[in-house]
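Everything below concerns the one structure shown next.
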Amino acid sequence: MVQDDLYADISSVVWYSQNIDKSFWSNGTTGASNFMYSTLYYKGEDVNKAEFHRVQMIKNNEEWNFYLGEDTFNREKKKIGGMRSFSKKCSTNGSVLPIGSVEYRIELDNGYKSKKTVTIPVPGELSNNGYKFVYNEDYTGTTDSTYVQALKRATVTSQTKGASDITVKFTVTDNRVFSGRLFLFNSSKKLIAYTPVFRSFAAGKTVNKAILSDGSENTLNYTSSSISYENGYTFSNISAVAVQLTDGAQYLSDGSKSYNYESISVKVDF
């Protein structure tokens, strides 16, 4: 039975854009590579999952519906997501995303509606600066003055694993790159560990690792003890690596957020 007094107002939206090489996925290399990852927080009555009629993101007459599953709906935290979405209209292979003004909507079964508009900026900036689309390395169509390139992926040039340390070399030519880290995988290509971030996002903090974004080669070395592991995994389980890069310089003045855009490189074996 629908309760007429139930309501849920969107209080905030947490989002970031992902330019992910298709090798990142353990189930193959087909599908999209340019994504928006969104999480909604709401306030209001203690609404059950079944009382949500729909939760959507809308842009350019394209709609994305949030899946309300056990892992994406948290009634206690009043949280919905995350949802990873890509556009089927902006390109044929999911390599282009619309940016600028994006609307998120909640509608309950009793008819109550809430919406919140979020501005998706360009990488490294706080506004979209007139751009309407962000595209990545997989896009083969035409572009014009309304298109901006996504944060570029790193190119891994060398990777070695010793008895108790790893060394990874990579290049990237994109001055919007501010930080990132290494993602580490087991032989089944499951993400099991990661390094500290290259550069802290908090205002005034020191650099952990200097990152060259002018095409010069970066050389990173991490001992087994400096790596963070998922439950039950150890250094011996590591068999592959990918480089995550992010923007973030746009938030240095206040440290309120870390980054808007990330890229993830090809996954390579040690």
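Side notes on the structure shown:
- Filtered by the rule that a residue be among the polar types (S, T, N, Q) and under 20 Å from the mean Cα position of the chain (by Cα), segment 89-147 gives SER91, ASN93, SER95, SER101, THR117, THR119, SER127, ASN128, ASN136.
- Residue list for segment 149-171, filter: in contact (Cβ under 8 Å) with a residue 40 or more places away in the chain and within 18 Å of ALA32 (Cβ to Cβ): ALA150, LEU151, LYS152, ARG153
- The one condition in (1) part of a loop (DSSP other than H, G, I, E, B); (2) within 25 Å of ARG153 (Cβ to Cβ) that LEU68 fails to fulfil: (2)
- TYR104 in a loop (DSSP other than H, G, I, E, B) and aromatic (Phe, Trp, Tyr): no
- Filtering segment 122-141 to residues that are farther than 19 Å from PHE86 by Cα and either polar (S, T, N, Q) or modelled with pLDDT of 95 or more (or both) leaves SER127, ASN129.
- Selection count, segment 213-225, where residues are farther than 17 Å from GLN159 by Cα and either under 24 Å from the mean Cα position of the chain (by Cα) or assigned to a loop (DSSP other than H, G, I, E, B) (or both): 3
- Qualifying residue in segment 202-213 (condition: closer than 23 Å to PRO121 by Cα, surrounded by fewer than 15 Cβ atoms within 10 Å (Cβ to Cβ) and at pLDDT below 95): yes
- In this entry, ILE20 passes the filter for residues that are within 30 Å of THR140 (Cα to Cα), surrounded by 14 or more Cβ atoms within 10 Å (Cβ to Cβ) and either of a type in the set (S, T, N, Q) or modelled with pLDDT of 90 or more (or both).
- Segment 67-89, residues that are of a type in the set (Val, Ile, Thr) and surrounded by fewer than 15 Cβ atoms within 10 Å (Cβ to Cβ): none
- Of all the listed residues (ILE106, ILE58, ILE99), the sole one being surrounded by 13 or more Cβ atoms within 10 Å (Cβ to Cβ) and closer than 21 Å to ASN175 by Cα is ILE99.
The values are calculated or read from the model by the stated rules, or taken from the named source; none is laboratory data. None of these values were measured; they are calculated from a predicted model. Note that we place each Cβ from the backbone using ideal geometry, even for glycine, and neighbour counts take in every protein chain shown.
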